[in-house]
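Colleague: Got a structure for you, questions after.
The values are calculated or read from the model by the stated rules, or taken from the named source; none is laboratory data. No experiment lies behind these values; they were computed from the predicted model shown. As a convention, Cβ positions derive from the backbone with ideal geometry for all residues, glycine included, and neighbour counts pool all protein chains shown. Protein only, heavy atoms only, side chains kept; ligands, DNA and RNA dropped before computing areas. Shrake-Rupley method; radii C 1.70, N 1.55, O 1.52, S 1.80 Å.
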Amino acid sequence: LRHAAAAGEGGPPPVIENGPIKIDLPRHEVTVDGAVVHLTPIEFKILVELARQPDRVITHRQLVRAVWGSGPVDQSHTLRVHVAALRRKIESDPARPQWLVTEAGVGYRLRGPAP
């Protein structure tokens, strides 16, 4: 039992908070400013992948591989569609995103809260 408990230590946190966005991994639940936001499984995977590394640019290829695996199909257009839908759900103004921002030609970044 001690080994099992020790193996659980240092793993990913069960809840990721980034500004108004709170991701409860075990419950598979996202809240923004305390309100529950219903995400598709793909949107949830994208958000979690970005939230694990706030303020860091995640390339299109890295996100596609993390969400869909390493298949030969190009998912970049599908990724853009899912990110747009995710923005509509977590941003107060999706046309001017404050949290989920595009790094042109590279990928996406989930901004961390201002210090």
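Colleague: Residue 78 versus (1) in a helix (DSSP H, G or I); (2) modelled with pLDDT of 90 or more; (3) of a type outside the set (Asp, Glu): which is the lone unmet condition?
Modeller: Of everything listed in (1) in a helix (DSSP H, G or I); (2) modelled with pLDDT of 90 or more; (3) of a type outside the set (Asp, Glu), residue 78 misses just condition (2).
Colleague: Within the range 85-115, how many residues are open to solvent by 40 Å² or more (accessible area, probe 1.4 Å) and part of a helix (DSSP H, G or I)?
Modeller: Result for the range 85-115: 2.
Colleague: Given the conditions (1) without any contact (Cβ under 8 Å) to a residue 24 or more places away in the chain; (2) assigned to a loop (DSSP other than H, G, I, E, B); (3) aliphatic (A, V, I, L, M), which single one is not true for residue 64?
Modeller: The one condition residue 64 does not meet is (2).
Colleague: Can you tell me which residue in the range 34-64 is most open to solvent (accessible area, probe 1.4 Å), limited to those that are under 21 Å from residue 104 (Cα atoms) and of a type in the set (S, T, N, Q)?
Modeller: In this case the residue turns out to be 62.
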